[in-house]
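This report refers to the structure that appears directly beneath it.
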Amino acid sequence: MDNPIARIMQKDSIFKVGEVFSVNGREVKVKVDKKKNLTHMMYCGELIKNVVVGGYIKILKGFVQLVAKVDGEYIQENKKVDPEYHNTNEIIDRILIVQLIGYIENGNYYKGVKELPLIGNDCMLMDNAEFELIHRFAKPGEPVIRIGALMSDDRIPINIGINKFFSSHIGIFGNTGSGKSYTLANIYRNLFLTFNAHDAFRKNAKFLLFDFNGEYSDEHVIIEGKKIYNLNTRNNNGDRIPLKRVDLLNPELVNILASATEKTQQPFIKRTLQLYEHVHNQNAPIAYLQGIVKNEVERVLRMTDYLRAKQLLDYLEEILPPNMDPTGINLGHQCDFEWHGVRSCFFSGNDYFNAAGVAHIPNLLIYRDAARISEPMDFVSILIMYMYIQLINDVLSNRAQNEHIAPAINKLKAFQKDFNKVFIVDDALDFWDNSNFVVVNLNNVNIMTKKLIPLLLSFKLYREHKELRNGELHEYLNIIVDEAHNILSYESQRESESWKDFRLETFEEIIKEGRKFGVFMTIASQRPSDISSTIISQLHNYLIHRLINNRDLEMVEKAISYLDKVSVESLPVLPVGACVLSGLIADLPVIVQVDKLSSVNSPKSDTIDLLRSWMDDEDGV
């Protein structure tokens with residue numbers, strides 16, 4: 001007949017590994033029993049792993065079960081044992097160094113030190129149920145997704161709580177080929193498989209993934225039904241991201257497009273947009289605009305400083321309709337007047353355009369064309385037109401220096417061609433296009449545009465979420481950046497310091513303040529040392545694959561307080577697909593072997609098979 005008490009006593013005798021013999025704060029030393037040095041044990045037909053470095057034990061203090069992690073071990077000689085009458089093994093004591101990490105109470109695991117053990121307390125192995133309990137990173141009853149299994153024991157699944165994990169900033173790091181892209185795809189595929197059937201999820205949760213290398217832009221990668229923008233600055237055949245007109249009336253976004261400096265160019269852009277708003281608030285906007293330009297033409301032609309006047313006339317040429325001859329050559333608008341050097345004024349025929357002679361100005365070609373000016377079709381050209389008009393007015397009013405403002409206009413003009421290849425300004429189009437997951441493929445985009453698009457879109461969507469906040473948060477946005485060192489690096493040499501600072505400050509604000517507005521970031525990178533330390537330190541949860549470079553290891557160790565010594569030392573030798581899970585989600589760092597994805601749902605990031613590509617088919621490789 002089964003005796004429960006005898007069964008419990010038998011289990012305790014099998015599972016007991018030793019007893020406490022030293023307590024120093026959270027560090028506890030355990031003397032291992034002589035007969036408990038095997039790697040595995042059998043219990044009720046179940047294989048139980050014995051105590052090892054990186055493993056866990058529980059310490060029984062009365063009815064309290066304290067949980068500790070094994071950080072190291074050593075041996076010492078027991079001088080009380082007479083070697084003449086005992087086996088050599090009995091002279092040596094095996095000592096475990098363990099750190100208290102939590103406790104088990106009422107069938108649940110809790111992180112933290114509730115109380116310290118006493119010398120002589122029994123130390124036990126954990127059974128599989130207890131082991132699984134401390135590796136379930138979710139509250140009881142909370143929905144979870146599985147990301148893999150414990151690397152040291154594939155029978156222990158690693159499940160993470162959806163609420164605690166995805167309502168956080170996430171960092172995924174690892175050298176190329178270590179499996180970080182695979183892990184990113186895995187966690188988001190599992191999330192979508194769990195929630196995509198819910199209408200509220202499709203309505204309230206939005207995900208934007210910036211794909212720098214085209215790894216996630218296949219129809220089936222991660223999840224089917226996502227919206228993919230395949231951008232291309234090499235030709236006009238790529239998709240175009242829709243923006244609304246109001247987006248480009250935002251000074252900050254235009255500052256991004258024009259790489260505007262803070263002291264002079266940004267205030268100028270703000271004045272330009274105010275001019276646009278003022279004109280379009282009139283009953284007849286185009287007629288009002290024509291009146292402004294005609295007035296500027298008259299003021300320029302009455303100037304006594306030829307160099308300044310000539311510069312402003314050239315700016316007027318930029319916005320006036322071209323004056324084409326029958327052969328298609330643009331003759332310009334300065335062919336029917338000249339400069340008189342002695343009188344220091346412009347003139348036409350016998351009319352000098354000074355205080356006494358302005359009556360002939362309305363007869364000039366430049367004035368007549370100013371009277372028929374209209375806005376261009378594309379919105380960036382409209383912005384450039386208004387910037388020239390504002391610049392002419394600022395110079396005439398001695399409000400700005402041409403050499404300080406013109407570079408911003410030139411940068412916007414230089415970017416205009418690429419802008420029209422990747423963006424379309426149309427209020428009728430929706431960026432999300434009835435999908436809650438958008439992938440922006442930047443593989444065929446030039447370097448400068450690659451940096452600008454994520455910044456512009458992230459800033460736009462973050463600003464919209466800030467404006468949406470009204471009472472309880474419902475709207476959720478997760479900005480996912482693979483190869484994040486491309487846009488979050490502070491060592492880029494291709495851009496000015498002010499532009500680099502603006503880029504980093506924008507993403508740092510999202511990292512610092514986004515939680516309040518339901519905006520979170522997931523960043524993946526093979527070079528965490530290249531990313532701003534402010535961003536790294538503000539992440540909440542980490543999945544860290546193999547890292548070899550010393551700078552990367554130092555950055556991770558300094559910035560991530562959740563890692564213990566064993567986890568850090570394991571990073572250079574992790575196998576492909578294994579990662580250290582750490583952060584707020586994990587009560588303790590664990591090494592996870594990430595589950596495999598089907599090839600059709602995996603990112604296209606495999607390393608080339610050289611033998612297959614270099615050898616002929618008849619070689620049988």
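The values are calculated or read from the model by the stated rules, or taken from the named source; none is laboratory data. Predicted model, so just to flag it, every value in this text is computed and none were measured. When we count neighbours, we look across all protein chains shown, and the Cβ atoms used for this are built from the backbone with ideal geometry, even at glycine. Surface areas here come from the heavy atoms of the whole protein model, side chains and all, with no ligands, DNA or RNA. Shrake-Rupley method; radii C 1.70, N 1.55, O 1.52, S 1.80 Å.
What the table below lists for this structure:
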| read-out | value |
| --- | --- |
| Qualifying strands (runs of 3 or more DSSP E) (wholly inside segment 1-71; at least 2 residues being among the aliphatic types (A, V, I, L, M), at pLDDT 85 or above and under 22 Å from L116 (Cβ atoms)) | 16-24, 27-32, 56-61 |
| Any chance V144 is over 27 Å from S13 (Cα atoms) and open to solvent by 10 Å² or more (accessible area, probe 1.4 Å) | yes |
| Single condition K565 does not satisfy, out of (1) more than 27 Å from N163 (Cα to Cα); (2) touching a strand residue (DSSP E or B) at 6+ places or on another chain (Cβ under 9 Å); (3) at pLDDT 80 or above | (3) |
| Single residue of P140, P157 found to be farther than 30 Å from T534 by Cα and assigned to a loop (DSSP other than H, G, I, E, B) | P140 |
| Test: residue in segment 360-379 that is within 24 Å of L455 (Cβ to Cβ) and not in a loop (DSSP other than H, G, I, E, B) | yes |
| Residue check for R155: open to solvent by 30 Å² or more (accessible area, probe 1.4 Å), closer than 29 Å to L96 by Cβ, of a type outside the set (A, V, I, L, M) and in contact with a helix residue (DSSP H, G or I) (Cβ under 8 Å, 6 or more places away or on another chain) | yes |
| Criterion (open to solvent by less than 10 Å² (accessible area, probe 1.4 Å), assigned to a helix (DSSP H, G or I) and among the aromatic types (F, W, Y)) met by exactly one of F415, F419 | F419 |
| S533 being small (G, A, S), out of contact with any Leu (no Cβ under 8 Å at 6 or more places or on another chain) and crowded, with 18+ Cβ neighbours inside 10 Å | no |
| I361 being surrounded by 14 or more Cβ atoms within 10 Å (Cβ to Cβ) and within 55 Å of the chain's Cα centre (by Cα) | no |
| Failed criterion for D211 (all others in (1) open to solvent by less than 10 Å² (accessible area, probe 1.4 Å); (2) touching a Leu at 6+ places or on another chain (Cβ under 6 Å); (3) among the charged types (D, E, K, R) hold) | (2) |
| Check on K164, in contact (Cβ under 8 Å) with a residue 12 or more places away in the chain and out of contact with any Asp or Glu (no Cβ under 7 Å at 6 or more places or on another chain) | yes |
| Condition check for S374: in contact (Cβ under 8 Å) with a residue 24 or more places away in the chain, within 21 Å of I286 (Cα to Cα) and open to solvent by less than 40 Å² (accessible area, probe 1.4 Å) | no |
| Total residues in segment 233-288, condition part of a loop (DSSP other than H, G, I, E, B) and either surrounded by 14 or more Cβ atoms within 10 Å (Cβ to Cβ) or at positive phi (or both) | 10 |
